[in-house]
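Engineer: So that we are looking at the same thing, I have put the structure below in structure tokens.
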Amino acid sequence: MVRNAQTGFSSTALKPRKGTPSPRLEEAEFRRRFYSRFQDPVFDSLRTELDKVASAAWDAYEHQRKSPHTRKAGPAFEDQDYELSVDWLAARDAVHAAQDRHLDSEGPARILLISGSSRSEHTCPGEMSKSYRLMRIAQEAIDENAGVKTTVLELHRLASEYGRMVHPCKACFSTSPALCHWPCSCYPNYSLGQVDDWMNEIYPMWVEAHGIMIVTPVNWYQVSSPVKLMMDRLVCADGGNPDPTATQGKDVKLAKALELEGWNYPRHLAGRLFSVIVHGDVEGAENVRRSLSDWLCYMHLEPAGPLAELDRYIGYWKPYASSHDELDADEAVQEEVRNAARTLVEAVTAKRAGKLASPGKELSAPRQK
């Protein structure tokens with residue numbers, strides 16, 4: 001084992017560990033899975049055309065053409081000649097434009113409202129969620145203020161809208177933060193059919209915002225599945241690498257070497273204010289609220305104030321079938337949500353006017369992420 005004299009790390013630290021079974025498919029299984037998407041009889045007359053498309057899809061899969069459309073990176077990057085995905089470059093442009101909106105002192109105060117439940121009436125179970133209702137209550141309170149612009153992110157669309165996907169995080173950051181690109185470059189992966197990823201639209205929503213409110217139910221002592229998917233994919237916003245050419249895409253050794261030389265962990269969402277609303281039926285609301293708050297603070301976002309963080313039970317240990325009636329009757333929790341929204345707006349307004357202190361923000365942490 002050889003240790004680098006400068007970093008003190010062994011040479012084996014740069015070598016990626018291997019050993020998991022291969023997920024690669026044989027052509028017959030690939031085609032079976034491809035055709036399984038076209039079970040409706042309306043496709044029966046198109047079998048010849050589908051066979052041609054399946055053959056093309058197999059060729060893309062077999063040759064692992066993740067990003068078939070690329071162009072040279074250009075002068076904004078370390079390696080100007082590196083071929084970058086046009087999809088990623090478009091996502092980067094959207095994030096940069098959102099950052100310009102965030103920094104525009106003449107623009108409106110921007111609040112991102114996130115409805116975190118996967119439930120809606122547009123697919124099973126056929127009924128809207130309490131999270132959506134609470135989010136709308138918050139929006140009404142926010143919209144009473146002049147000069148404030150709200151953006152609504154309805155995560156229930158992952159379960160009800162065609163072509164809406166948030167693919168899982170591949171945990172590149174756990175190999176090296178330099179390997180985790182900002183914005184995420186893992187998707188789309190055309191060869192694997194991992195397309196329609198919503199995060200390239202969600203990243204700019206977070207970036208442009210001055211304040212973020214997350215409204216989520218408790219699902220088995222945790223946030224909802226859509227919220228967790230979004231959270232995991234936001235890892236690149238907290239220490240992620242804005243220049244994929246520095247790692248030649250996903251070159252593990254290059255990324256590890258960059259980290260061990262000393263990574264600066266850029267906090268791409270630092271300083272934004274947040275509010276968290278968690279509601280439950282019987283268990284877990286307080287822990288989920290703490291979990292969300294801890295996560296946001298760890299990314300260097302700032303709590304808007306005590307009234308902006310709320311965990312409540314609606315219809316505690318009562319029938320689920322009457323839970324919306326319980327929310328109708330609970331005027332106190334409705335007012336608490338309004339107060340959380342008002343607190344978030346007040347904090348955002350004060351911060352943009354330079355009247356809200358952020359103690360310690362200029363201090364350098366001895367240990368990063």
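The values are calculated or read from the model by the stated rules, or taken from the named source; none is laboratory data. Worth saying up front: this structure is predicted, and the values here are computed from it rather than measured. Because the Cβ atoms are built from the backbone with ideal geometry, glycine has one as well, and the counts that use them run over all protein chains shown.
Engineer: Just name the residue that is farthest from L112 (Cα to Cα) out of those in segment 277-320 that are of a type in the set (G, A, S) and assigned to a loop (DSSP other than H, G, I, E, B).
Structural biologist: Looking at the filtered set, the residue picked out is G315.
Engineer: Take segment 271-288 and flag every residue that is of a type in the set (G, A, S) and either without any contact (Cβ under 8 Å) to a residue 40 or more places away in the chain or in contact with an Asp or Glu (Cβ under 8 Å, 6 or more places away or on another chain) (or both).
Structural biologist: G271, S275, G280, A285
Engineer: Among the listed residues S358, S322, S364, S293, which satisfies the condition of being on the phi < 0 side of the Ramachandran plot, among the small types (G, A, S) and crowded, with 17+ Cβ neighbours inside 10 Å?
Structural biologist: Unique residue meeting the criteria: S293.
Engineer: What are the pairs with Cβ atoms under 6 angstrom where one residue, in segment 164-188, is touching a residue at least 24 places away in the same chain (Cβ under 8 Å) and on the phi < 0 side of the Ramachandran plot and the other, located anywhere, is of a type in the set (A, V, I, L, M, F, W, C) and assigned to a strand (DSSP E or B)? Sequence gap at least six, or different chains.
Structural biologist: Matching pairs, first to second residue: none at all.
Engineer: Which of the following residues is free of Cβ contacts under 8 Å to residues at least 12 places away in the same chain and on the phi > 0 side of the Ramachandran plot: G262, G315?
Structural biologist: Matching residue, one of G262, G315: G262.
Engineer: Please pick out the residue among I137, I202 that is outside any loop (DSSP other than H, G, I, E, B), modelled with pLDDT of 95 or more, within 18 Å of the chain's Cα centre (by Cα) and of a type outside the set (D, E, K, R).
Structural biologist: Only one candidate qualifies: I202.
Engineer: Report yes if D197 is of a type in the set (D, E, K, R), closer than 28 Å to R24 by Cβ, in contact with a strand residue (DSSP E or B) (Cβ under 6 Å, 6 or more places away or on another chain) and touching a residue at least 24 places away in the same chain (Cβ under 8 Å), otherwise no.
Structural biologist: The answer is yes for D197.
Engineer: Right, next: For the condition among the hydrophobic types (A, V, I, L, M, F, W, C) and within 27 Å of the chain's Cα centre (by Cα), what is the one hit in F43, F38, F30, F77?
Structural biologist: F77
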